[in-house]
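What follows is one structure encoded as structure tokens, with my remarks underneath.
The values are calculated or read from the model by the stated rules, or taken from the named source; none is laboratory data. None of these values were measured; they are calculated from a predicted model. Please note: Cβ atoms are built from the backbone with ideal geometry, for glycine as well, and neighbour counts cover all protein chains shown. Note: accessible area is taken over every heavy atom of the protein model, side chains too, but ligands, DNA and RNA are not part of it. Shrake-Rupley method; radii C 1.70, N 1.55, O 1.52, S 1.80 Å.
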Amino acid sequence: MSRATTASHRPADRRLFRQRVRQARAQNLWLLAGLSLALLPHFIRLPLLIMLPSLILLGWRLLFELEYCSLPARWLRWLLTLIAVSATFASFHTLVGRQAGVGLLVVMLCLKLMEMNSLRDVGVVIGLGFFTIITVFLFDQSLFIGVYMLGVVSLFTAALIAFSREQSAAPQWQNFRQAGLIIAQAVPLTLLLFLLFPRLPGPLWSLPADGGGASTGLSDSMSPGNISQLSDNDAVAFRVQFDGPPPAVESRYWRGPVLTHLDGATWSNPQNATTHRAGTPLRYHASGEALHYSVTLEPHQQHWLFALDLPAELPRNSHLSPDFELLSAQPVQQLVRYAMSSHLEYGLAIDRAPDPVRYLQLPTDRAPRARDLARQFRHAAGDDARTVSLALQYLREQAFYYSRQPPLLGADPVDEFLFDTRRGFCEHYASAFVFLMRAAGIPARVVTGYQGGEMNPQSDYFIVRQSDAHAWAEVWLPQQGWRRIDPTSVIPAARIEHQQDLARILPALAGLGEAPGWATAAWRQLRFGWDRVNHAWNQWVINYSDQHQRNLLGRLFSSLGLGEFDWRKMVSLLLAGMAVVVLGIAVYTLRSRPRGSQDPVVRAYQRFCRQLARRGIPRSAAEGPLDFSRRARQQRPDLEAAIAHITSLYLRLRYAPPSGSEQIQQRQLQQLQSAVRRFRA
């Protein structure tokens, strides 16, 4: 090649180089967008010590792509890695476990962006991005997260396609189109594997428990203010579906942790891990038929399962504590659904008085005025039942108020509440009432849980929210056993400060108050509709266990005449279904495959040749475009201009060196395709 010819190509080579640089930068920006969306759910829950460095690293890479800075040197990357590991350990005090492992993965993925310089690095980053998507489902498996992550998967797939076409000038929308096609082809296989792949009773793997992991909802201790912090939390605690008519709201007490020990300000249960010995009968008597229902419990990282009052039957892998707490064998770390039967009319431990050391325990140096008041009740009453009535009458007739923002209490909270502030939430009333009962010599304990629940008007289940958290008391009376007493319920309506609390504290007043405006009513209906969708997602997808699979496939086998459920039949059906799906995808791919070359220029010209061949002017295998054009124009002089124009465009795009920008070449291709479409031989 001559020097002049080489020199003439240098501007075109530089333009092509700049074009590829711009294309690679655009692909990197799309990849950064996908990574940011994939990491966003983790950023919401990760500590600031990990989230902030990760955001800085993402921003650093963005500024590099926009040519505002350079990437860090090798020694600085090593230093940043050491800092990232140290920050993770400082945040979680370990590098092992669900939260610590995910935190380390997030910050290391962002560090990998600091050395992403080759296609191999891009492949590693995209692979880690896909893995990060999986880790999001360790914390949240809701429908919203599923749809959101499907969009992120589409972004990553489009980025993978774009980087695999390094020399292609295809616009980004074509990469998204192909990514959507790939995901659509994967959907039938996904559904087939979900329905038919053998499901094990437990997870395929187990992660070490997170130390000190935060949980939402009730705790194993109660101080004034604990439950009031949940009063405005509308997060769903669990959903309940009754087999028949639901009980009245005043009977819907969902029993949770029972607290028996008071250190002066905080109630706890030092023996809450103790269980009944095998074969030890539960001491209770019940009247009437048991109530049947099912509970779908959101994960709360604790052992408690919630049920109405006294369980008649226990769910699988659960037991009752001596205080009749329903406890799961493992912490509830994922959505769980269990069937329940409960007695609403019952008596607990009637035949034997409870342990006085445990249920009469009080701190010796606290609440002297409350002790004097309890002695007055006892002296005036003469028996336990009358003493309980006098204490409730005292709360009803004195100036006690139900308040979500009660005054702070000091070192002696019981005396300060009963005689000074007289404003409080349910835990203030339950704590003070149990103190009075114990001071009067009546065994008593604090019970926490939830009260009430809201019916979803668009479906047939109740929603129990964290805002329904409640505390009440249980006292032991001779010949009656343990009886539930809710001291909060005796507060008159006039002394309930927030109108929205009326329906929960006094169910008879649920219909009072102003009707909500149209905007509020519409928003409520929208929330109920979305919750109904989420509930269906939980029942049919998240809660699709081995037992559900057996039941579903058993009915399917019976309807198909395959007999009873059998693992071998299920595996055979799975393999047959996969073969049919793969065969269908293969047939679709082959039929949709364009004939001839994948080059759009060649495809357009081949279409032009086929039109001439149908009119008796076929192109021979050894005939070049110019010779064919000359012969075709001789045979069809009426089409001479169109044939010459199409041939000229084809030769320029196919054989001439690149000239002009990518937009000019794309415009010339569109001209060729348009000319071929208009050509009629």
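Tabulated results
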{"item": "Tabulated pairs, the stretch 290-302, first under 10 Å from residue 243 (Cβ atoms) and in contact (Cβ under 8 Å) with a residue 24 or more places away in the chain, second open to solvent by 20 Å² or more (accessible area, probe 1.4 Å) and charged (D, E, K, R), C-beta under 9 angstrom, 6+ apart or interchain", "result": "291/243; 292/243; 293/243; 294/243; 294/337"}
{"item": "Residue in the stretch 112-125 that is basic (Lys, Arg), outside any helix (DSSP H, G or I) and modelled with pLDDT under 90 present", "result": "no"}
{"item": "Residue match in the stretch 407-422 (condition: open to solvent by 50 Å² or more (accessible area, probe 1.4 Å) and charged (D, E, K, R))", "result": "yes"}
{"item": "Strands (runs of 3 or more DSSP E) fully within the stretch 398-492 counting 3 or more residues that are modelled with pLDDT under 95 and within 20 Å of residue 258 (Cβ to Cβ)", "result": "444-451, 469-477, 481-485"}
{"item": "Identity of the residue in the stretch 66-108, open to solvent by 40 Å² or more (accessible area, probe 1.4 Å) and small (Gly, Ala, Ser), that ends up nearest to the chain's Cα centre (by Cα)", "result": "90"}
{"item": "Filter result for residue 533 (at pLDDT 85 or above and in a helix (DSSP H, G or I))", "result": "yes"}
{"item": "Of all residues making up the stretch 606-635, the number that are open to solvent by less than 80 Å² (accessible area, probe 1.4 Å) and touching a helix residue (DSSP H, G or I) at 6+ places or on another chain (Cβ under 7 Å)", "result": "7"}
{"item": "Subset of the stretch 90-135 [of a type in the set (Asp, Glu) and touching a residue at least 12 places away in the same chain (Cβ under 8 Å)]", "result": "115"}
{"item": "Options 44, 50; residue that is open to solvent by less than 70 Å² (accessible area, probe 1.4 Å), free of Cβ contacts under 8 Å to residues at least 60 places away in the same chain and either in a helix (DSSP H, G or I) or out of contact with any strand residue (DSSP E or B) (no Cβ under 9 Å at 6 or more places or on another chain) (or both)", "result": "50"}
{"item": "Residue within the stretch 377-384 that is of a type outside the set (Ser, Thr, Tyr) and within 27 Å of residue 320 (Cβ to Cβ) present", "result": "yes"}
{"item": "Odd one out for residue 128 among (1) closer than 17 Å to residue 51 by Cα; (2) open to solvent by 20 Å² or more (accessible area, probe 1.4 Å)", "result": "(1)"}
{"item": "Verdict on residue 640 being more than 60 Å from the chain's Cα centre (by Cα), acidic (Asp, Glu) and in a loop (DSSP other than H, G, I, E, B)", "result": "no"}
{"item": "Looking only at the stretch 220-255, and only at residues there that are open to solvent by 40 Å² or more (accessible area, probe 1.4 Å) and at pLDDT below 80, the one that is farthest from the chain's Cα centre (by Cα)", "result": "224"}
{"item": "Elements of type strands (runs of 3 or more DSSP E) contained in the stretch 299-379, each with 1 or more residues being open to solvent by 10 Å² or more (accessible area, probe 1.4 Å) and in contact with a Gly (Cβ under 8 Å, 6 or more places away or on another chain)", "result": "336-343"}
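Condition check ((1) closer than 22 Å to residue 137 by Cα; (2) modelled with pLDDT of 90 or more; (3) in contact with a strand residue (DSSP E or B) (Cβ under 7 Å, 6 or more places away or on another chain); (4) in a helix (DSSP H, G or I)) across all residues:
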site	(1), (2), (3), (4)
7	no, no, no, yes
11	no, no, no, yes
20	no, no, no, yes
35	yes, yes, no, yes
85	no, yes, no, yes
